[in-house]
1. Only one of (1) under 14 Å from the mean Cα position of the chain (by Cα); (2) at pLDDT 95 or above; (3) under 24 Å from N105 (Cα atoms) is not met by G47, so which one is it?
2. Which of the residues belonging to the stretch 56-94 are among the hydrophobic types (A, V, I, L, M, F, W, C) and either touching a Leu at 6+ places or on another chain (Cβ under 9 Å) or over 18 Å from R113 (Cα atoms) (or both)?
3. If a residue must be over 19 Å from T109 (Cβ atoms), assigned to a helix (DSSP H, G or I) and among the aliphatic types (A, V, I, L, M), how many such residues does the stretch 17-33 contain?
4. Regarding the stretch 50-69, can at least one residue be identified that is farther than 18 Å from G27 by Cα, in a strand (DSSP E or B), of a type outside the set (F, W, Y) and out of contact with any helix residue (DSSP H, G or I) (no Cβ under 9 Å at 6 or more places or on another chain)?
5. In this structure, does G36 turn out to be exposed (fewer than 13 other Cβ atoms within 10 Å of the Cβ) and either at pLDDT 95 or above or assigned to a loop (DSSP other than H, G, I, E, B) (or both)?
6. Name the pairs whose Cβ atoms lie under 9 Å apart, with the first residue in the stretch 1-17 and modelled with pLDDT of 95 or more, the second surrounded by fewer than 18 Cβ atoms within 10 Å (Cβ to Cβ) and in a helix (DSSP H, G or I), and 6 or more positions between them or separate chains?
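The values are calculated or read from the model by the stated rules, or taken from the named source; none is laboratory data. Quick caveat: nothing in here was measured; it's all calculated off a predicted structure. Here the Cβ positions follow ideal geometry from the backbone for every residue, glycine too, while neighbour counts run over all protein chains shown.
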Amino acid sequence: MSTKDDVRKASQQFYAALNNMLDGDMGPLAEIWSHGEEVTAMHPIGGRNTGWKDVQEAFMGVSQIASEGQVKLAEQTIQVDGDMAYELGIEKGQAVLAGQDISINNRVTNIYRREAGAWKMVHHHTDVSQGMVDLLNRLQSEM
């Protein structure tokens, strides 16, 4: 198997875990992510998270209001340089967040690093989804 194939497999694991999260199960995401303080994420809900604990909390917040979600990566491009790799693509799908249907159509960049022979996510960055941001703002105002 080529190195790009290994990264493609890590990507498939990430998107399987992301789909679990979009159905309310955060657990599998922990397996694909690096757990260091240098990991970062810029989610479709806006903002930036730094460090595994912060990244995990952001995913956890979404998983608590998510159900029936499905996202796939389209137009995937992978580049590898030593122990670092990145992929570009378009995330397409849908989810139900707090009872509201949300469509997903975001450009994405994911960065992976080889750690102890396995490719781990160290950065996830998508476009901001105005639908998700509006929903979260509405939920916060109702609290």
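1. For G47, the failing item is (2).
2. A58, F59, M60, V62, I65, A66, V71, L73, A74, I78, I90
3. Selection size over the stretch 17-33: 1.
4. Scanning the stretch 50-69 turns up at least one residue that is farther than 18 Å from G27 by Cα, in a strand (DSSP E or B), of a type outside the set (F, W, Y) and out of contact with any helix residue (DSSP H, G or I) (no Cβ under 9 Å at 6 or more places or on another chain).
5. Against the criterion (exposed (fewer than 13 other Cβ atoms within 10 Å of the Cβ) and either at pLDDT 95 or above or assigned to a loop (DSSP other than H, G, I, E, B) (or both)), G36 qualifies.
6. Q13/E31; A17/A30; A17/E31
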